[in-house]
Structure formats: C-alpha cells, structure tokens
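A short worksheet on the structure shown next.
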C-alpha cells in the first residue's frame, strides 16, 4: 500500500520478493525481481535499479541490507543500522530498556534450566518466541509447564541454535498502538489506538483508544522516544500493554507500515503510507490529525479456504464513510488477513458497533 | 488514477494503449498491451484478457468499442451505446438538446457559406471545434473573422471531411462542473464546483462553486438528467457556463473521471475514482459528501520543457490538509497538466488564496 502512495507522487516502484509470482504488489508494477532474502547479491542487483529502497516486512537481516546498501550505493530507509537494533526480539528489548522504556518482562532461553528458571521467576504460563520473523502469532508458543515449554523450544528451533526468548504473561486491560513517522525534517506521531486481539491476531482497531487521554499521550511520547532511540527514518509502529495499574509496557515494534495504522488511510489527514513515502524521501511530514472523532477498523480475516473472493460486503459499501480495502491476495484461508473495513463516525462505541454489524456477514 | 482505486479493492488491472511505453499507468501493471485505437482486433485481443473494460479517455470510436465488446464477450462501461451519444460534439449537443437540456449555441460547418452564416447569426468571434478528440483547447480555434475562420476550418481538417462545429461565444460569469456516478444500483451526484480557466485550460477548482446554492443545485439536476439521457454506467463529468442572467448552458461532457473531479480524492468521502470503479462493477455507490466546507484545487501546469521533476513544492507539502498529486508523466512542457494540489479548509476565498500562495513557486 506504500506503492499506491508512491504512485500518487508520480514515483515508479519496483518490488524485490522471494516469491516468483502472485504477491499482490507484483500486480502493481512491471519491475519485479525475485531472489533470496538471504542473498546480499540478489538484493544488490535489485537495489542497483532503484534510487531508494524501503521495507514492507522484516524478513531480511540487517547485515544483508547493509551489504546491499554498500555494494549498490542505493540508500535503504529505515537504515540497516536502525533495523539492526530491533530485528531480533532480544536486542530490541535491550535497546528500548537501555533508553529507559519499560518493556514486557523477558529472558533469553538457551536450555532447560533457563526454561525452568523463567517459569519460577515469572509464573506459568508464559510465552516462548523465536527472536526473529514472528508475526500474527506465528513463531509464538504459549507454554503452561516445563514439558510444553521444552517441546515449544524445540519447535521454535531452539535446539538448532535459534535465539529463543521468554516473555512473561502480562496482565493488561488494553492493547494499544501508536505510529511515528520521522526523518531529517522532524517527526509526527499518530493518535493512540486500541488493537483488539483474538488468538494473537489483531481483529479490530479503535481510534482514539478508549483509555484516559493521559495514557494516550504517554504512549505517543514513548513511541517518539523509541523512534529516536533507533534514529528511525521511515514509519514505525509500537504496540503496548496497558496494565491494570495504568502502566504502559512496550511489547513490539515494527519499522514499516503496520496493520495497526491502516485506519489512517481515511481516518487521518495523512495516511501512514503517505508519511512512509515522505519520510523515506526526506520530505516534510504530513498531519496525522483525525478526520472524525471516532475511527473504527475491522480486519476481515479469511473465512474459507478457497480462491479469494469477497461476498456479502454490499452493506459495508453502502454505509456512508465506510471504506473497504481488499489486499489482492489470491488465496484465502481461515484467519488470514485478507481485507479491512474502516468506518468514520462521531462516537466510538456506536461507530465500532456499526462497523462490526456491517462486516459480520462478509465472506472472504 | 482509477487503477489505484482498483488496487484498493484487490483488483488487478491491465492497460491498453497506443503507445509502446512511458504512459504513467504502464508503470503500474505488468499487464500492458499496445495496439491501434482504430483496430477492433487489437482491442478485442486485450479485452479477452479482462473481466471488464472501462475508459480513461475518449480516443476510441464507439464502433470499435462495440465490436471489441461483441467479439470478446467482455463488457465495456460506459457502454459503447452511451459513448456513441456523446463522442461526437455535434451528436452530443443534439442528444442533450433533445432531452430538453440547454446547450451552447452551435452549428455544423460544412463550407464557407456555413462559416459566414454562423458569424452573421451569432456574431464574431466564435469558436470552431473539431467534433472529435479535442481537449484542453486542442482541436479548438477562436476565429475573429471570415478569413481566420476559413484558415481554422482547414487546420481542423474540415477540408478533409472532418466534422467541424461552430460554437457561439457565450457571455458567462462562471464556468461550473459536476460529476455524476451511476449504475444499476442508483446514482450519486457530486457538489458543483467552479472551474477557473486560462487559455482554455482549467487552472483551478473551487468547491463548492461560489454561486447561489440554487444554481449549484440546478447544475446537479441537469448533470443527473444528462447522465440518464445517455443511460450512463460509470462516472461522468459535465461542464457548464453560467450566464449573467443566471442560466446554465451545458458546454461539454466526459464519460470518465475528469480533471474537474480531482478535488474529490481528498475533498469528498468517496472519490470520483472509487465511484468510477464501483459503478463499472455494479457495486453500490459511495457518498460524494464534502469533507470540509471549502476545497480548493490548483492544477500544476508544466513550467519548463524538460524531464519531469518537481521543485519548490515543500511549502505545499508542509501545509496541513494540503495534498500533492504528481501524475508520473516523464516529460514536462509549459502548460501541460503535470500534477495538482488540493487544499481543504473552512472558508473558500481564504483556502483558495492559500493554495495559490503555496503553489506559486512550484517548478514542474
């Protein structure tokens, strides 16, 4: 979706993927290259055809990015250096902790003794996570006891040398998220939204988050501080737990446009995608102001295992200030993020309820 | 720009052009075909790769469209039948006149006697127009006397059998425009805007038009009637003269997204491009409501003959709710429409003045 914004600035885009075909963005440009995400040579060859590179996922190591940047002379933003500070969940937590930002309690897990000690210290169940590459619950395992934890450790690749970290279960009242765009001209921070999660998948967003304004403001301040900590140039998303005592714990970060910012397309004066493009190009950043007092977003997850198609969405399209986005993925499967629906309104609970109602029957 | 909206619905696009390369939309898809706009075979071969076809210009004859539709079995909207009623300026005027819509005084010019008679009846100067294919003043000639008119008649191809029509100079206080989207689910009509013209080129838009609300409403009603007259399915633009006595004369129509509707991208809840795509797909149409009380648009015309680039646009980007769109044309030349800038605000004159100020230095 960053590509669509690039087009609006008259910019041509190319895409580098590890898939030969059928990536949605590959249908948006005649300039596609396929290569290995582990090959600096492949990425260099692509980078040599571009003026600037940016990322829409975190699947390429910062070392590969750094080599491709050096060999091609094509700048990459966010920079490989920024990315190196957050690409690994362990380093990410250490980076932000060193900057005085409170993160979810964690530990590096290298063997059975570590598994046991973390449970003793933080209680069971807890989470085991592969330190790289996880998203939407993939690469995460909830473990209830030592046996489950040992099994999950192996499943996540701990026995093959992959870094595994443990995270304590945090008691929370809300999950929140904030986007920050930043470059040499300054930064802008988006409103704080609530991310409604089911089975580790974000199913909806409410913006502004239905929490105290002071909490929203604090989340925005931490997000800006975190972006500065990694000297970020681009668009960044930060996800938080709000605990019952009103503390904010930074949970995850992403150096790219993020699902928790999709509401900004119609919900804000400048979308996260536009500010992504602006940030990467070194242009002044646009206003993140909300267009309406309440913006609700429903993620439309795959309902069937089938060739992707959208049914029963007419009511959603009929609603005034309701906006449907379909991602162009060719295959649907239950739980896969296939599309989203944004509804703007005056009152959050009413708007959210209406958005749920309008999308309840959608088959995708 | 319709393609960008198609992408937002997860739709793949292909493009048929008479140019081999470097059309901006050719940078937005791997599916490009080049052929002659006069060849039903070429268009059929393209249509066979698509589920539905639509138009972003008026360069293909309705007969060619009809043949390609029949041979390929791929529907085309707006339909060749609708298009046949407006593709030729003479037939267009007769179509709307028959429906009781007042149009600018006109006449078919076939020889010198016609040239002289039109001047005698409607006064000098008047306009000679090629009945097909003109836009932005191309294909139009203002003629002050018989000698000029004879020269222009030949230049426009009148001596080669091209249909030439004469149009009287209309005394007007404002030029107005209205978009209508329509399909089998109903229609929506956009606000009435003023098109500010210099040298036959639209240089700016003010929405809503600074005329009486009754006039705006009447223009909307005529636009809907005109769309119904041609049984239009798609998005249509209608341009009017408002005369000093408060009459509206329909001047031109376009069966496609039109420059006079570019303000709708940010200015309205649903853009003309989204409603174009919705209309063509038979989907319910979205709200054309304005997002703010005043929407000003400045067309950014080429300032230099050079490879296209944008300079001195930073102030425009910095303004809150200011939106820059660059079309991705590779070559700039003075007067060519290269980009536009939309500014949303509370008060029209203030917003328009600010938009002019912010774009005055832009080099493109």
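Numbers below:
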| read-out | value |
| --- | --- |
| Mean separation of Cα contacts under 8 Å (6+ apart) over length of segment B:174-359, as relative contact order % | 21 |
| Normalised contact order of segment A:105-168, rounded percent, pairs of Cα under 8 Å and 6 or more residues apart | 47 |
| Cβ neighbours within 10 Å from other chains - mean over A:288-297 | 1 |
| Cβ-derived FRET efficiency at R0 22 Å, residue A:34 paired with residue B:49, nearest 0.05 | 0.45 |
| Label distances, nm, residue A:100 versus same residue in remaining copies, Cβ-directed 7 Å point | 7.5 |
| Where labels lie 7 Å past Cα in the beta-carbon direction, separation of residue B:185 and residue B:361 in nm | 4.5 |
| Shape call, segment B:190-238: gyration tensor on alpha carbons, a/c limit 1.5 | oblate |
| 10 Å-binned pair-distance histogram of segment A:105-168 (Cα, whole percent) | 25, 63, 12 |
| GNM result for chain A, Cα springs below 10 Å: residue of A:199, A:88, A:251 fluctuating most strongly | A:199 |
| Cα gyration tensor, segment B:155-197 - rounded (a/c under 1.5), prolate or oblate | oblate |
| Exam field: residue B:132 pseudo-label spacings to other copies (7 Å along Cα-Cβ), nanometres | 6.2 |
| Estimated FRET transfer efficiency when R0 is 30 angstrom, pair residue B:171-residue B:346 (beta carbons, to 0.05) | 0.35 |
| Estimated 222 nm signal from helices in chain B, with DSSP H stretches of n ≥ 4 weighted -39500 (n - 2.57), rounded to 500 | -8500 deg cm²/dmol |
| Tensor-based shape of chain A (alpha-carbon gyration tensor, a/c under 1.5 rounded, otherwise prolate or oblate) | rounded |
| Distance between segment A:98-176 and segment A:291-353 - C-alpha centres, whole angstrom | 32 |
| Translational diffusion coefficient (Stokes-Einstein; Kirkwood radius from C-alpha pairs) of segment B:174-359 at 4 °C, 1.567 mPa s, in µm²/s | 77 |
| Contact order relative to length of chain A, as percent, for alpha carbon pairs under 8 angstrom and 6 or more apart | 13 |
| Residue exposure sequence - A:333, A:256 - by fewest surrounding Cβ within 10 Å | A:333, A:256 |
| Potential extension, residue A:318-residue A:146 segment - 0.36 nm per residue separation minus Cα distance | 56.7 nm |
| Residue of B:330, B:128, B:344 that the Gaussian network model of chain B assigns the largest fluctuation, springs spanning Cα pairs under 10 Å | B:330 |
| Chain A: most fluctuating residue of A:130, A:98, A:287 per GNM, C-alpha cutoff 10 Å | A:98 |
| Förster radius 25 Å - calculated FRET efficiency between residue A:307 and residue B:281 (Cβ-Cβ, nearest 0.05) | 0.90 |
| At 7 Å out from Cα toward Cβ: residue A:157 inter-copy label distances (nm, ascending) | 6.3 |
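Here, each number is a calculation from the coordinates, and none is a lab measurement. Note that the coordinates shown come from a computational prediction; the quantities given were computed from them, not determined experimentally. Cβ: placed from backbone, ideal geometry, glycine included. Neighbour counts: every protein chain shown.
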